[in-house]
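Trainee: Have a look at the structure that comes next, please.
The values are calculated or read from the model by the stated rules, or taken from the named source; none is laboratory data. Quick caveat: nothing in here was measured; it's all calculated off a predicted structure. As a convention, Cβ positions derive from the backbone with ideal geometry for all residues, glycine included, and neighbour counts pool all protein chains shown.
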Amino acid sequence: MLSINYSSFVLEAGTDEAGRGCLAGPVTAAAVILPTDFENTILNDSKQLSEKAREKLKPIIEEQALSFAVSHLFPNEIDEINILNASMKGMQESVLKLNTTPEFIIVDGNRALNAKLGLKNNFGKQFSVKEIELLKSIPNQSIIKGDAKFMSIAAASVLAKTYRDKYMDKIHEEFPMYNWKKNKGYPTKEHREAIRKYGTTKYHRLSFRLLPEQLKLEI
């Protein structure tokens, strides 16, 4: 059974991301503030849930959350600032999008939410001084495997995963040969074979090792 809160604060936000290990598409982050009386017996880390269960949970989370937000960070920004920084920035952006300012934030992983604030990069959102100060002012706690321990992080993982999957389904129509509708951009054998055969697209992360060293990319 997942816990509702880590802290004693009522407005506690959980945040998580999806798509960190993909070769194509965005890394997608979400932040969720749940009411303290929220209950759900299905909710868990999105990786432990079926697609059907995630789709069932998505409207429940959106309807019952006090506030939620989702952010995509795209390959050009991932390539520029690296996937770890992009994942954290996505969670930071999601927190800033919440229509209710949280009193406390719990973050899936082992890195504080306010790490690497205000990166000056060429792509994506640029944080204002006011936004940076707001993020610095909110106490936060990183929790390893937090998506399997706390409801708000699990809810954020479900939203991040479902929103990202929907985006990958959309761009699949533009480049069906990579079968993103099925593999969602992850490094499956089929996906890598398509990269070898057709080359890369604007949706691929060029800073990633797209093919094993023994194969050559024909572009």
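Trainee: Say whether the condition of being at pLDDT below 95, among the acidic types (Asp, Glu) and part of a helix (DSSP H, G or I) is met by at least one residue in the range 133-156.
Mentor: Checked the range 133-156: at least one residue is at pLDDT below 95, among the acidic types (Asp, Glu) and part of a helix (DSSP H, G or I).
Trainee: Yes or no: Val107 closer than 23 Å to Gly90 by Cα and in contact with a Lys or Arg (Cβ under 6 Å, 6 or more places away or on another chain)?
Mentor: It is false that Val107 is closer than 23 Å to Gly90 by Cα and in contact with a Lys or Arg (Cβ under 6 Å, 6 or more places away or on another chain).
Trainee: Another question, if that's okay. Of all residues in the range 76-132, which are hydroxyl-bearing (Ser, Thr, Tyr) and either part of a loop (DSSP other than H, G, I, E, B) or loosely packed, with under 15 Cβ neighbours inside 10 Å (or both)?
Mentor: Thr100, Thr101, Ser128
Trainee: Count, please, the residues in the range 171-201 that happen to be surrounded by fewer than 12 Cβ atoms within 10 Å (Cβ to Cβ) and under 23 Å from the mean Cα position of the chain (by Cα).
Mentor: The total comes to 2.
Trainee: I'd like the full set of residues that are without any contact (Cβ under 8 Å) to a residue 24 or more places away in the chain, of a type in the set (D, E, K, R) and farther than 12 Å from Gly25 by Cα, limited to the range 176-213. Break it down stepwise before answering.
Mentor: Residues of the range 176-213 without any contact (Cβ under 8 Å) to a residue 24 or more places away in the chain: 176-177, 179, 181-183, 188-190, 193-194, 196-200, 209, 211-213.
Filter again for of a type in the set (D, E, K, R), leaving 181-182, 189-190, 193, 196-197, 209, 213.
Within the range 176-213, Lys182, Lys189, Glu190, Glu193, Arg196, Lys197, Arg209, Glu213 qualify.
Trainee: Here are some conditions: (1) polar (S, T, N, Q); (2) in contact (Cβ under 8 Å) with a residue 12 or more places away in the chain; (3) loosely packed, with under 12 Cβ neighbours inside 10 Å. Thr28 meets all but one. Which one does it not meet?
Mentor: The number of the failed condition is (3).
Trainee: Output the residues belonging to the range 9-22 that are among the aliphatic types (A, V, I, L, M) and surrounded by fewer than 24 Cβ atoms within 10 Å (Cβ to Cβ).
Mentor: Keep residues of the range 9-22 that are among the aliphatic types (A, V, I, L, M), which gives 10-11, 13, 18.
Hits for the range 9-22 are Val10, Leu11.
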